[in-house]
Amino acid sequence: MKKGIGKVRRFLLIFFSAILIATTFLTAYIFIEDSTMIVDYGKTKQRHFLPFFERDGVAYEDSELFDKLFEDSVDDIVRMAVIKNQMETDGAYDPKKVVDITAFANRNNVAYDETVSAQYYLDDLINWGNRGIDYKEVSASTMPFEVDTDTVTIAISRYKTVEGKDLLSCASNYQEYQMLVSDLTEATKALFSNYQEYVMYNDRYGVGKSNMLYCIQMYNDGKPVRFTNMEVISIKHTVDEITGLFKKQVKYLYFNPDKMTMVSNTDINAITMQSIINNYSYSFSDNSRIWIGFDNMYSADDGFAQGKRYYDNKTAGSDGIMMLVVVWISFFAYLSLFIYLIIKEGRPAKIETDEESDRIILKKIDHMPIEFLVVLAFGIVVMDLIVAYYVARYAEKNLFSGVIVYVAIVAGAFILNYTFMPMVLCFVRKVKAKCLWENSCIKWLIEQIRKYTIEAYDNGHALIRTWIPYILFLLCNLIFIILAPIGLIVAVVFDILVGIYLYRNNKERQEIVKSINIISESDIKHQMDTKGMHGDNLELAKAVNNIGDGIRKAVETSMKDEKMKADLITNVSHDIKTPLTSIINYVDLIKRENIQDEKIQGYIDILDQKSQRLKQLTDDLVEASKISSGNIVLNFEKINIVELINQSIGEYEDKFADHGLKCRFTPPQNNIFISVDAKSMFRIIENLYNNIYKYALQGTRVYIDIEQFGVEGAQRVQLSVKNISENQLNMSAQDLVERFKQGDESRKSEGSGLGLSIAKSLTEAMNGQFDIFLDGDLFKVILTFPCVQ
């Protein structure tokens with residue numbers, strides 16, 4: 001049976017858990033304080049952690065603490081040298097040092113634009129960076145160059161250039177001026193920040209102020225300069241002499257960036273040094289050198305001297321291990337006790353039947369809204385953390401004694417445990433009783449908002465559904481902000497709920513768009529699930545479903561009409577072909593008779609021409625119907641298009657000659673193959689030639705060209721046919737490929753108006769492209785097909 005714990009036992013367990021958590025916090029604080037060193041640099045402080053297991057038998061200069069301080073100092077010294085190179089001349093700060101703002105702003109960019117620049121004195125730029133750049137708006141007419149707007153914004157020239165000019169006078173156009181302003185902004189900000197670091201580094205690493213010794217050789221305007229805090233070193237010393245001086249120190253390094261060579265007895269390697277100076281590649285040119293050493297005489301009271309005193313005076317490593325053991329044991333004991341209380345919480349202490357073991361006993365506090373408990377617990381924790389922060393802050397400034405800090409930690413742990421744990425146990429009881437959201441303010445608020453929002457959304461006008469919720473949202477947030485800090489928490493929860501609602505609304509819209517795309521991709525039977533939708537989304541979803549039904553019905557009707565049309569054309573053509581064949585045969589028999597009357601012979605010729613034209617029209621109608629209905633069967637094979645064009649020209653050469661047309665075809669040197677249906681391809685060319693025969697101006701030339709283009713593996717062939725039209729073309733290229741359209745609007749020719757339409761449809765059915773171009777009377781057709789190997 002699941003048995004709980006009594007009141008006295010519960011109180012003792014919570015009290016004991018408070019002792020455990022207080023022990024954990026207090027021991028952890030003592031361990032951290034014992035393992036932390038604060039290095040005081042005057043204006044700045046740095047905190048360093050000292051590994052407790054290194055304190056026995058390891059010299060300070062070989063410790064991790066020293067290595068960390070040394071590496072940080074190396075990074076500082078390299079940056080200090082770069083800044084000194086910007087600020088000093090002959091080893092002293094030079095306020096009149098000339099700075100090119102474009103070169104300085106683009107110092108990390110090797111390929112910057114040098115077409116425009118301006119030079120200022122160093123001190124002016126630093127002061128300018130301190131005060132900031134001010135701007136004003138002036139009329140475009142006052143500008144020394146043309147601008148596109150009536151007014152422009154310019155920087156107020158607080159200082160003049162070295163030549164005594166304003167920044168505006170250094171540019172020849174507005175674009176150059178904007179570049180100069182950008183460079184000036186970057187240069188002033190960077191130089192002012194660097195100057196602050198320059199003062200700090202001089203105070204930290206100046207002569208006699210640090211146990212870190214350094215010498216940095218750099219080049220400024222092509223001249224070697226050395227920055228050092230060792231008075232014995234001058235520009236006259238050789239590299240070997242300086243290296244010998246630094247090798248006398250207990251720790252030293254010499255780095256040659258040119259050859260990536262390193263001479264050192266520290267843990268810093270050449271790769272680390274190179275990564276440090278890579279940030280300042282603009283300063284470290286060829287023949288740059290770096291020497292850094294450490295003087296273990298501790299003549300200066302710097303961070304290293306503080307670290308040594310701290311290192312030598314701290315407790316042994318065994319104490320640190322013992323404190324860690326206490327921390328972990330007390331923490332896990334607290335955690336085990338906490339889990340035990342969670343398991344037993346809410347169960348009756350005395351159980352007489354099995355049914356009672358499943359019963360959860362709730363307290364009066366459990367009937368309060370869960371939000372109140374959460375806010376109360378959160379507020380107590382925040383207050384406890386604030387008190388802990390200020391106690392630690394005053395303790396660091398030595399305003400509190402150690403005993404007061406310890407008492408504050410123990411008291412804070414007790415308060416935290418006696419406030420936070422009951423709240424957690426209350427939460428546990430509500431979860432076990434499955435009444436976590438009972439009497440919840442958020443639950444009630446969500447239900448009311450959902451109820452009235454759905455009603456307003458489903459029945460309201462667009463104005464009500466849009467602006468009124470938006471105004472209410474703003475007002476709620478404003479009220480919550482006024483009620484800060486608790487109101488801020490409620491505002492966050494409220495905004496999250498609004499975000500969830502907007503997310504669901506947008507998700508529904510996304511589903512609607514997805515359904516529209518599905519229907520647009522020919523799945524006209526698709527239907528949306530409208531369950532759970534409201535307002536506009538519901539109406540849109542219903543409309544989409546209705547659109548799908550409408551499109552499906554329209555498609556079915558269109559397909560039925562198209563089938564009826566195709567069947568009608570096929571049946572009518574078949575019915576016409578039977579008597580037409582008889583007419584053609586009888587006309588042919590009459591032509592074989594020896595008829596002497598020329599008038600009757602003329603009638604027979606007209607009858608023969610018209611019957612043949614009717615036969616061609618019937619064949620074109622049947623073929624166009626097959627192509628449009630998709631009933632055409634294509635047998636793809638590889639054919640030589642060059643050979644096909646030569647053959648077709650030979651067959652039509654006599655026919656072209658009857659109209660005085662001369663065909664000009666320059667075949668390519670190599671054979672070109674395409675995959676098409678040979679019969680359909682010849683029909684396309686035949687239709688184009690017939691079109692030329694009927695409509696081309698007599699006595700002109702017909703040009704046929706074949707061109708292969710594209711990359712290997714994706715080549716295409718282009719067949720172009722050009723001629724001059726006999727009649728003026730008063731229609732577009734698109735109109736010419738429509739059925740029953742002729743370039744001769746008077747229909748004096750014998751064409752059916754289907755030739756180009758059939759040619760285009762067959763071309764596209766064989767994966768080709770059919771294009772017509774008109775330029776005055778010039779008629780040009782281009783066929784494009786993919787090549788095959």
If Val99 passes every condition in (1) open to solvent by less than 60 Å² (accessible area, probe 1.4 Å); (2) among the aliphatic types (A, V, I, L, M); (3) at pLDDT below 90 but one, which one does it miss?
-> (3)
Go through the stretch 408-449 and give me each residue that's part of a loop (DSSP other than H, G, I, E, B) and open to solvent by less than 70 Å² (accessible area, probe 1.4 Å).
-> Ala433, Cys435, Leu436, Ser440
Of those in the stretch 736-789 that are open to solvent by less than 50 Å² (accessible area, probe 1.4 Å) and of a type in the set (Asp, Glu), the residue modelled with the lowest pLDDT is Asp744
Residue identified as at pLDDT 70 or above, out of contact with any Cys (no Cβ under 7 Å at 6 or more places or on another chain), acidic (Asp, Glu) and open to solvent by less than 50 Å² (accessible area, probe 1.4 Å) among Asp608, Asp619, Asp588 | Asp608
Mind checking which residues of the stretch 244-261 are within 23 Å of Leu69 (Cβ to Cβ) and either crowded, with 17+ Cβ neighbours inside 10 Å or not hydrophobic (A, V, I, L, M, F, W, C) (or both)?
-> Leu245, Phe246, Lys247, Lys248, Gln249, Lys251, Tyr252, Leu253, Tyr254, Phe255
Is there a residue being more than 26 Å from Tyr60 (Cβ to Cβ), in contact (Cβ under 8 Å) with a residue 40 or more places away in the chain and of a type outside the set (D, E, K, R) anywhere in the stretch 250-261?
-> no
Here are Ser234, Ser182: which of them is part of a helix (DSSP H, G or I) and open to solvent by 40 Å² or more (accessible area, probe 1.4 Å)?
-> Ser182
Any idea which of Gly293, Gly307, Gly303 is more than 28 Å from Arg226 (Cβ to Cβ), buried (at least 19 other Cβ atoms within 10 Å of the Cβ), of a type outside the set (Val, Ile, Thr) and touching a residue at least 60 places away in the same chain (Cβ under 8 Å)?
-> Gly307
Test Arg204 against the criterion of being in contact with a Phe, Trp or Tyr (Cβ under 8 Å, 6 or more places away or on another chain) and part of a loop (DSSP other than H, G, I, E, B), and give yes or no.
-> no
Does Ala696 count as open to solvent by 20 Å² or more (accessible area, probe 1.4 Å), modelled with pLDDT of 85 or more and closer than 22 Å to Gln612 by Cα?
-> no
Any hit, the stretch 326-341, residues being open to solvent by 40 Å² or more (accessible area, probe 1.4 Å), at pLDDT below 75, more than 26 Å from Lys443 (Cα to Cα) and not aliphatic (A, V, I, L, M) | no
How do the pairs read when you match residues in the stretch 92-107 that are part of a strand (DSSP E or B) with residues anywhere that are small (Gly, Ala, Ser), using Cβ under 9 Å and keeping only pairs 6 or more apart or on different chains?
-> Val99/Ala187; Asp100/Ser117; Asp100/Ala118; Asp100/Ala187
Applying the selection to the stretch 593-605, what residues are modelled with pLDDT under 80 and open to solvent by less than 100 Å² (accessible area, probe 1.4 Å)?
-> Ile595, Asp597, Gln601, Gly602, Ile604, Asp605
Tell me which residues, restricted to the stretch 262-271, are free of Cβ contacts under 8 Å to residues at least 24 places away in the same chain, open to solvent by 30 Å² or more (accessible area, probe 1.4 Å) and not in a strand (DSSP E or B).
-> Asn265, Asn269, Ile271
Residues of the stretch 661-691 satisfying the condition of being touching a residue at least 60 places away in the same chain (Cβ under 8 Å), in a helix (DSSP H, G or I) and of a type in the set (Phe, Trp, Tyr) | none
Just need a number here: residues in the stretch 131-179 that are under 25 Å from Val99 (Cα atoms), of a type outside the set (D, E, K, R) and assigned to a helix (DSSP H, G or I).
-> 9
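Asp203: open to solvent by 30 Å² or more (accessible area, probe 1.4 Å) and either touching a helix residue (DSSP H, G or I) at 6+ places or on another chain (Cβ under 7 Å) or closer than 30 Å to Lys247 by Cβ (or both), yes or no? Break it down stepwise before answering.
Values: open to solvent by 30 Å² or more (accessible area, probe 1.4 Å): yes; either touching a helix residue (DSSP H, G or I) at 6+ places or on another chain (Cβ under 7 Å) or closer than 30 Å to Lys247 by Cβ (or both): yes.
Here the answer is yes, as Asp203 does meet what is asked.
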Kindly establish whether Ile481 is at pLDDT below 80, closer than 25 Å to Asn537 by Cβ and part of a helix (DSSP H, G or I).
-> no
Residue by residue through the stretch 663-703, note down the ones that are under 51 Å from the mean Cα position of the chain (by Cα) and within 29 Å of Gln728 (Cβ to Cβ).
-> Ile684
Residue check for Arg509: open to solvent by less than 80 Å² (accessible area, probe 1.4 Å) and charged (D, E, K, R) | no
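The values are calculated or read from the model by the stated rules, or taken from the named source; none is laboratory data. Everything quoted here is computed from the prediction, not taken from an experiment. All Cβ positions, glycine included, derive from the backbone under ideal geometry; neighbour counts span all protein chains shown. SASA here: full protein model, heavy atoms, side chains in, ligands and nucleic acids out. Shrake-Rupley method; radii C 1.70, N 1.55, O 1.52, S 1.80 Å.
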